[in-house]
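Throughout, read-outs are computed from the coordinates displayed, never taken from laboratory work. No experiment lies behind these values; they were computed from the predicted model shown. All Cβ positions, glycine included, derive from the backbone under ideal geometry; neighbour counts span all protein chains shown.
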């Protein structure tokens, strides 16, 4: 696997944001331990784009486009990478559960209370390697810095960043956190920018050998900003589930092609037993318990895969504009 230092690549993007903080409308905080926090809750379009590229460890590109949703003009993203496994699975996947607990006194007893919790994404994951997925990935990043992304309105404090730095084996003054809630422009952009990663993650879940993927390209809508994070979570998921389009090239021998083309038919979102309604309705029906939802739902609407060894392709899945209009509240 290509040896690149994705944390160093991401840090360069972070430095660009810091240099243009007024233009991108970013707030920067330096903690007592030296860690740098970027608050991107009110970031500009370019700020959101750059956050998407930070999530991909500097190995992916996010560009803006538009989508015609039955006459409604909706902004969209085009995302592409020629290092799909590193950029998506080793970096962009939101898989590191960062949690800080503190002892508090309640009714005369000391109890532990969670004071910060967020799923972390970005290249710091490849430094910490606390997730099981890294047992499968042949990748090591020996950067001396760590860049993590939190999808939360609550900014991490020194103790949280000490945890990140310690797990990543770096000095806290070389640890960076970029934060934004889901219910903002940045949140809508960065979730949409996960279209290629979401597709690969689903392929991994159905036992598709992701190491044969050589390139990835994806397109999906940027969800209209919702009034709160719960509503935003529904809309951003629906963007990928109902309108997410992905294209991957793979490199496999002809004798293995039929098996993999058959396997990919299980990947699109519509194959899930939970599919059919806007995500927020599904979530409510499940009593807001993710474990009651079929995990197979979290996938793009369509896949196209081309085997560059034979030139043959397959397209599976379907776009669902009706579901997306319901989710977005469009007349």
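Between residue 286 and residue 119, residue separation times 0.36 nm minus the direct Cα-Cα distance comes to 58.0 nm. A Gaussian network model of the chain, with springs between Cα atoms under 10 Å, assigns the largest mean-square fluctuation among 254, 277, 27 to 254.
Between residue 103 and residue 63, the simple spin-label model (points 7 angstrom out along Cα→Cβ) gives 5.7 nm. With the cut-off at 1.5 for a/c, could you classify region 58-155 from its C-alpha gyration tensor as rounded, prolate or oblate? In terms of gyration-tensor shape, oblate. From the Kirkwood radius over Cα pairs of region 194-331, Stokes-Einstein at 10 °C and 1.306 mPa s returns a whole-number translational diffusion coefficient of 103 µm²/s. Largest mean-square fluctuation among 48, 276, 120, in a Gaussian network model of the chain whose springs join Cα atoms under 10 Å apart, belongs to 276. For region 80-215, a/c is not less than 1.5, where a ≥ b ≥ c are the root eigenvalues of the C-alpha gyration tensor, and a/b tops b/c. That puts it in the prolate class.
Only Cα pairs under 8 Å and 6+ residues apart enter the sum, and on that basis the relative contact order of the chain stands at 17 percent.
Across region 194-331, Cα pairs under 8 Å and at least six residues apart give a relative contact order of 31 percent. Between helix 158-168 and the chain there is an angle of about 50 degrees, using the helix long axis and the longest principal axis of the Cα atoms.
Tell me whether region 75-120 comes out rounded, prolate or oblate; compute the Cα gyration tensor, take square roots of the eigenvalues as a ≥ b ≥ c, and use a/c under 1.5 as the rounded threshold. In terms of gyration-tensor shape, prolate. For the peptides 132-141, 57-66, 17-26, the ranking by packing is 57-66, 17-26, 132-141, with the highest mean count of neighbouring Cβ atoms within 10 Å listed first. Round to a whole angstrom and tell me the spacing of the C-alpha centers of region 79-155 and region 257-322. Comparing the Cα centres of region 79-155 and region 257-322, I get a distance of 25 Å. Share of antiparallel DSSP beta bridges in the chain, in percent to the nearest 5? Taking every DSSP beta bridge with both residues in the chain, the antiparallel ones total about 75 percent. Summed over qualifying helices (DSSP H, 4 residues or more, each -39500 (n - 2.57)) and divided by its residue number, the chain shows a 222 nm mean residue ellipticity of -9000 deg cm²/dmol.
Rg/Rh for region 1-48 (Cα atoms only, Rh after Kirkwood) is 1.06.
Taken along the Cα-to-beta-carbon direction at a fixed 7 Å, the label points for residue 313 and residue 22 span 4.7 nm. Can you give the angle from 0 to 90° between the axis of helix 195-205 and the longest principal axis of the chain, with both taken from C-alpha atoms, to the nearest 10? That works out to roughly 80 degrees. Using equal-weight Cα scatterers in the Debye expression, the normalised intensity of region 1-137 in log10 at q = 0.12, 0.18, 0.22 Å⁻¹ is -0.62, -1.11, -1.35.
Potential lengthening of the chain between residue 227 and residue 110 amounts to 38.4 nm, from the contour at 0.36 nm per residue minus the alpha-carbon distance. Per residue, the average separation of C-alpha pairs within less than 8 Å and at least 6 apart gives region 121-166 a relative contact order of 46 percent. Taking 30, 111, 302 in turn, the Gaussian network model of the chain (Cα-Cα springs below 10 Å) assigns the largest fluctuation to 111.
Hydrodynamic analysis of the chain uses the Kirkwood radius over alpha carbon pairs. Inserted into Stokes-Einstein at 20 °C and 1.002 mPa s, it gives a translational diffusion coefficient of 106 µm²/s.
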